[in-house]
Amino acid sequence: MTKEGAIFPIPFYIIAIILFVVFHRNTNITYLYLSAGVFYFGLIIMLFFRDPDRKVPEGEKLVISPADGKVIRLDGNNDSPSASIFLALYNVHVNRSPVDGVIKSVTHHPGKFHAAFRSEAMKENQRNEVEIQTSNGIVRMHQVTGALARRAIFYKRPGERVKAGERVGLIRFGSRVDLFLPSGTKLDLSLNRRVRAGETVIGMLP
């Protein structure tokens, strides 16, 4: 589990325990069902913040998926290839660096909270825009919030070096990641393909 998510389930467990202690002798079992429901909701929150280890592929110039989810937008234009990955509530929401490089900039943009799968979310929603300097050009990764995801967290600072597949951030409760790659990058993706952060090879830098 991520450190950011460790505290979220605790209030649900406390409420569930209080309901059970107060009402477990009550002949009306509605409160016991309510207690169980609150407890299981806490477990769901824990599931959302899970952070499994991944076996990162090795190889020069590889572009690794920065997020778990489904490819909802794809532009294979050789001059400006890009892709967008939608993270549903059940996906792992830890983001990983798509490439080896150095963080050049991290810029937070306030904005709206459209559903993350809508096209306008890419430019209008609140987001973190990250630039990673590689030996083959600049890779831009945008952590975009959604209707439920109201906060994107990026762990690294400008000047820090990152490895492809390294954990670099988190977006809470449904979101998207937009990836913009240097000219000449060869994408190996298709629309609606399911990808895994830090594990799925999605392209090759020029």
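Among the residues of the stretch 99-106, is any within 22 Å of VAL195 (Cβ to Cβ), in contact (Cβ under 8 Å) with a residue 40 or more places away in the chain and within 15 Å of the chain's Cα centre (by Cα)? No: zero hits. When residues in the stretch 93-113 are screened for being crowded, with 18+ Cβ neighbours inside 10 Å and over 17 Å from ALA147 (Cα atoms), 10 of them pass.
Pick from ARG54, ARG118, ARG127: which is in the same structural domain as ALA152 (by TED's automatic domain parsing) and in contact (Cβ under 8 Å) with a residue 12 or more places away in the chain? Give the derivation first.
Numbers: ARG54 fails: in the same structural domain as ALA152 (by TED's automatic domain parsing); ARG118 fails: in contact (Cβ under 8 Å) with a residue 12 or more places away in the chain.
That would be ARG127, the only listed residue that is in the same structural domain as ALA152 (by TED's automatic domain parsing) and in contact (Cβ under 8 Å) with a residue 12 or more places away in the chain.
In the stretch 145-177, what residues are touching a residue at least 60 places away in the same chain (Cβ under 8 Å), part of a strand (DSSP E or B) and either buried (at least 17 other Cβ atoms within 10 Å of the Cβ) or in contact with a Pro (Cβ under 8 Å, 6 or more places away or on another chain) (or both)? Once the filter is applied, which keeps residues that are touching a residue at least 60 places away in the same chain (Cβ under 8 Å), part of a strand (DSSP E or B) and either buried (at least 17 other Cβ atoms within 10 Å of the Cβ) or in contact with a Pro (Cβ under 8 Å, 6 or more places away or on another chain) (or both), the stretch 145-177 yields VAL162, ARG167, VAL168, GLY169, LEU170, ILE171, SER175, ARG176, VAL177. Go over the candidates MET141, MET122 one by one and state the one that is part of a helix (DSSP H, G or I) and either under 17 Å from the mean Cα position of the chain (by Cα) or surrounded by 15 or more Cβ atoms within 10 Å (Cβ to Cβ) (or both). Of the residues listed, the single one that is part of a helix (DSSP H, G or I) and either under 17 Å from the mean Cα position of the chain (by Cα) or surrounded by 15 or more Cβ atoms within 10 Å (Cβ to Cβ) (or both) is MET122. For the stretch 191-204, state whether one or more residues are farther than 21 Å from GLY59 by Cβ, of a type outside the set (A, V, I, L, M, F, W, C) and either in a loop (DSSP other than H, G, I, E, B) or more than 18 Å from the chain's Cα centre (by Cα) (or both). Yes - at least one qualifying residue is present in the stretch 191-204.
The values are calculated or read from the model by the stated rules, or taken from the named source; none is laboratory data. Worth saying up front: this structure is predicted, and the values here are computed from it rather than measured. Cβ sites come from the backbone with ideal geometry, for glycine too, and all protein chains shown count toward neighbours.
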